[in-house]
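This report concerns only the one structure given below.
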Amino acid sequence: MSRLARPAARLATGSATLARRLGRRAAAWVARGRRHDLTGWRATLGCWLRIALLALGLYLLWRLLRAVPALLWLLSGVWAVTAWRSGHPAAEEHTEAPAEASTEAAPVLDREAVRTLLLTLMGDGSGVHLRTVLAHLQQHPPTAAQTAGWKVPDLRARLVALKVPVDRGVKVDGVPTWGVRRRDLAAPSPEASQEASTAASTAA
(Lines give C-alpha, C1' and ligand atoms only; values in the text may rest on other atoms or scores of the structure.)
Protein backbone atom coordinates (compact mmCIF):
# COMPACT_ATOMS: atom_id res chain seq x y z
CA MET A 1 0.00 0.00 0.00
CA SER A 2 2.88 2.34 0.83
CA ARG A 3 4.33 1.77 -2.65
CA LEU A 4 1.18 3.29 -4.16
CA ALA A 5 0.97 6.19 -1.71
CA ARG A 6 3.74 8.23 -3.32
CA PRO A 7 2.39 8.05 -6.92
CA ALA A 8 -1.11 8.79 -5.63
CA ALA A 9 0.16 11.81 -3.68
CA ARG A 10 2.04 13.03 -6.75
CA LEU A 11 -1.10 12.75 -8.90
CA ALA A 12 -3.18 14.54 -6.27
CA THR A 13 -0.63 17.34 -5.91
CA GLY A 14 -0.28 17.68 -9.68
CA SER A 15 -4.06 17.76 -10.17
CA ALA A 16 -4.43 20.52 -7.57
CA THR A 17 -1.59 22.50 -9.14
CA LEU A 18 -3.06 22.07 -12.61
CA ALA A 19 -6.53 23.12 -11.44
CA ARG A 20 -5.14 26.26 -9.75
CA ARG A 21 -3.15 27.12 -12.87
CA LEU A 22 -6.17 26.80 -15.13
CA GLY A 23 -8.29 28.79 -12.69
CA ARG A 24 -5.76 31.65 -12.56
CA ARG A 25 -5.49 31.77 -16.33
CA ALA A 26 -9.26 31.78 -16.76
CA ALA A 27 -9.64 34.54 -14.15
CA ALA A 28 -6.93 36.65 -15.79
CA TRP A 29 -8.53 36.15 -19.23
CA VAL A 30 -11.91 37.25 -17.91
CA ALA A 31 -10.39 40.27 -16.13
CA ARG A 32 -8.76 41.46 -19.36
CA GLY A 33 -12.23 41.84 -20.86
CA ARG A 34 -12.97 44.90 -18.72
CA ARG A 35 -13.17 48.22 -20.60
CA HIS A 36 -11.38 50.96 -18.69
CA ASP A 37 -12.49 53.68 -21.05
CA LEU A 38 -16.08 53.11 -19.93
CA THR A 39 -17.84 53.21 -16.58
CA GLY A 40 -20.65 51.36 -14.85
CA TRP A 41 -22.14 48.18 -16.25
CA ARG A 42 -20.85 48.94 -19.76
CA ALA A 43 -17.27 48.54 -18.55
CA THR A 44 -17.93 44.97 -17.41
CA LEU A 45 -19.72 43.76 -20.54
CA GLY A 46 -16.50 42.24 -21.87
CA CYS A 47 -16.00 40.28 -18.64
CA TRP A 48 -19.54 38.92 -18.73
CA LEU A 49 -19.12 37.98 -22.39
CA ARG A 50 -15.98 36.01 -21.60
CA ILE A 51 -17.69 34.29 -18.68
CA ALA A 52 -20.52 33.34 -21.03
CA LEU A 53 -18.00 31.96 -23.53
CA LEU A 54 -16.36 29.86 -20.81
CA ALA A 55 -19.75 28.54 -19.71
CA LEU A 56 -20.67 27.78 -23.32
CA GLY A 57 -17.39 25.95 -23.83
CA LEU A 58 -17.97 23.81 -20.73
CA TYR A 59 -21.52 23.06 -21.83
CA LEU A 60 -20.38 22.02 -25.33
CA LEU A 61 -17.67 19.84 -23.81
CA TRP A 62 -20.27 18.17 -21.57
CA ARG A 63 -22.56 17.56 -24.58
CA LEU A 64 -19.65 16.14 -26.55
CA LEU A 65 -18.76 13.76 -23.74
CA ARG A 66 -22.40 12.69 -23.48
CA ALA A 67 -22.44 11.97 -27.21
CA VAL A 68 -19.02 10.29 -27.32
CA PRO A 69 -18.23 8.86 -23.85
CA ALA A 70 -15.01 7.30 -25.14
CA LEU A 71 -13.48 10.79 -25.28
CA LEU A 72 -13.53 10.82 -21.49
CA TRP A 73 -10.79 8.19 -21.49
CA LEU A 74 -8.65 10.39 -23.73
CA LEU A 75 -9.22 13.50 -21.62
CA SER A 76 -8.58 11.57 -18.43
CA GLY A 77 -5.31 10.28 -19.84
CA VAL A 78 -4.19 13.75 -20.89
CA TRP A 79 -5.11 15.15 -17.48
CA ALA A 80 -3.30 12.32 -15.66
CA VAL A 81 -0.10 12.81 -17.69
CA THR A 82 -0.16 16.58 -17.20
CA ALA A 83 -0.94 16.23 -13.49
CA TRP A 84 1.88 13.70 -13.10
CA ARG A 85 4.36 16.14 -14.63
CA SER A 86 3.01 19.05 -12.60
CA GLY A 87 3.24 17.03 -9.40
CA HIS A 88 6.98 16.44 -9.76
CA PRO A 89 8.90 18.44 -7.11
CA ALA A 90 11.34 19.73 -9.74
CA ALA A 91 8.48 20.90 -11.95
CA GLU A 92 6.84 22.67 -9.01
CA GLU A 93 10.13 24.37 -8.21
CA HIS A 94 10.60 25.52 -11.81
CA THR A 95 7.06 26.86 -12.06
CA GLU A 96 6.90 28.62 -8.70
CA ALA A 97 10.45 29.91 -8.15
CA PRO A 98 10.55 32.21 -11.21
CA ALA A 99 7.24 33.74 -10.17
CA GLU A 100 8.62 34.54 -6.72
CA ALA A 101 11.78 36.00 -8.23
CA SER A 102 9.83 38.17 -10.65
CA THR A 103 7.65 39.39 -7.79
CA GLU A 104 10.71 40.57 -5.90
CA ALA A 105 12.30 42.26 -8.91
CA ALA A 106 9.21 43.68 -10.59
CA PRO A 107 8.74 47.45 -10.85
CA VAL A 108 5.44 47.21 -8.94
CA LEU A 109 7.44 46.83 -5.72
CA ASP A 110 9.56 49.91 -6.33
CA ARG A 111 8.00 53.20 -5.20
CA GLU A 112 9.78 55.38 -7.75
CA ALA A 113 8.87 53.04 -10.61
CA VAL A 114 5.24 53.07 -9.45
CA ARG A 115 5.29 56.87 -9.16
CA THR A 116 6.68 57.18 -12.69
CA LEU A 117 4.04 54.80 -14.02
CA LEU A 118 1.23 56.70 -12.29
CA LEU A 119 2.39 60.02 -13.72
CA THR A 120 2.67 58.48 -17.17
CA LEU A 121 -0.86 57.08 -17.00
CA MET A 122 -2.17 60.45 -15.81
CA GLY A 123 -0.83 62.22 -18.87
CA ASP A 124 -2.11 65.80 -18.65
CA GLY A 125 -4.83 64.87 -16.16
CA SER A 126 -4.95 65.56 -12.46
CA GLY A 127 -5.30 61.94 -11.40
CA VAL A 128 -5.74 58.33 -12.43
CA HIS A 129 -8.12 55.61 -11.28
CA LEU A 130 -6.68 52.47 -9.71
CA ARG A 131 -8.66 50.29 -12.11
CA THR A 132 -6.81 51.96 -15.00
CA VAL A 133 -3.47 51.32 -13.31
CA LEU A 134 -4.41 47.70 -12.62
CA ALA A 135 -5.44 47.14 -16.23
CA HIS A 136 -2.08 48.46 -17.40
CA LEU A 137 -0.18 46.23 -14.97
CA GLN A 138 -2.15 43.15 -16.03
CA GLN A 139 -1.57 43.77 -19.73
CA HIS A 140 2.17 44.46 -19.75
CA PRO A 141 5.02 42.16 -18.67
CA PRO A 142 6.64 41.59 -16.28
CA THR A 143 3.85 42.82 -14.00
CA ALA A 144 1.14 40.90 -15.90
CA ALA A 145 2.11 37.57 -14.34
CA GLN A 146 2.28 38.77 -10.74
CA THR A 147 -0.89 40.86 -10.87
CA ALA A 148 -3.05 38.24 -12.57
CA GLY A 149 -6.20 37.81 -10.54
CA TRP A 150 -5.66 41.05 -8.62
CA LYS A 151 -8.58 43.31 -7.81
CA VAL A 152 -8.54 47.03 -7.06
CA PRO A 153 -8.32 46.41 -3.25
CA ASP A 154 -5.16 44.33 -3.83
CA LEU A 155 -3.51 47.16 -5.76
CA ARG A 156 -4.70 49.70 -3.20
CA ALA A 157 -3.11 47.70 -0.38
CA ARG A 158 0.17 47.48 -2.30
CA LEU A 159 0.22 51.23 -2.97
CA VAL A 160 -0.52 51.97 0.69
CA ALA A 161 2.38 49.70 1.66
CA LEU A 162 4.60 51.75 -0.67
CA LYS A 163 3.40 54.98 0.98
CA VAL A 164 1.69 56.10 -2.24
CA PRO A 165 -1.31 58.31 -1.32
CA VAL A 166 -4.63 56.89 -2.55
CA ASP A 167 -8.10 58.42 -2.26
CA ARG A 168 -11.59 57.12 -2.93
CA GLY A 169 -12.82 60.42 -4.38
CA VAL A 170 -10.45 60.89 -7.33
CA LYS A 171 -12.41 62.20 -10.31
CA VAL A 172 -11.49 61.23 -13.87
CA ASP A 173 -13.94 62.17 -16.62
CA GLY A 174 -16.36 63.22 -13.90
CA VAL A 175 -16.42 59.79 -12.23
CA PRO A 176 -15.16 59.61 -8.61
CA THR A 177 -13.61 56.37 -7.37
CA TRP A 178 -10.38 55.01 -5.86
CA GLY A 179 -7.34 56.61 -7.45
CA VAL A 180 -4.20 58.71 -7.06
CA ARG A 181 -3.95 62.49 -7.50
CA ARG A 182 -1.06 64.23 -9.20
CA ARG A 183 -0.71 66.77 -6.38
CA ASP A 184 -0.27 63.95 -3.86
CA LEU A 185 2.54 62.44 -5.91
CA ALA A 186 4.23 65.82 -6.18
CA ALA A 187 4.47 66.03 -2.40
CA PRO A 188 7.55 64.40 -0.81
CA SER A 189 7.09 60.93 0.61
CA PRO A 190 6.99 60.47 4.41
CA GLU A 191 10.44 58.85 4.29
CA ALA A 192 11.89 61.73 2.28
CA SER A 193 10.40 64.31 4.66
CA GLN A 194 11.77 62.45 7.66
CA GLU A 195 15.22 62.20 6.09
CA ALA A 196 15.18 65.90 5.21
CA SER A 197 14.21 66.92 8.74
CA THR A 198 16.86 64.60 10.20
CA ALA A 199 19.52 66.07 7.93
CA ALA A 200 18.47 69.61 8.85
CA SER A 201 18.61 68.90 12.57
CA THR A 202 22.01 67.24 12.17
CA ALA A 203 23.38 70.19 10.23
CA ALA A 204 22.10 72.57 12.88
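The table for this structure:
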quantity: Any chance residue 49 is modelled with pLDDT of 90 or more and farther than 15 Å from residue 133 by Cα; calculated: yes
quantity: Helices (runs of 4 or more DSSP H) lying entirely in the range 127-189 (those with 2 or more residues that are out of contact with any His (no Cβ under 6 Å at 6 or more places or on another chain), free of Cβ contacts under 8 Å to residues at least 60 places away in the same chain and buried (at least 18 other Cβ atoms within 10 Å of the Cβ)); calculated: 130-139, 143-146, 152-161
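The values are calculated or read from the model by the stated rules, or taken from the named source; none is laboratory data. On a predicted model such as this, the values are computed, not experimentally measured, just so you know. With ideal geometry, Cβ positions are generated from the backbone for all residues, glycine too; neighbour counts draw on all protein chains shown.
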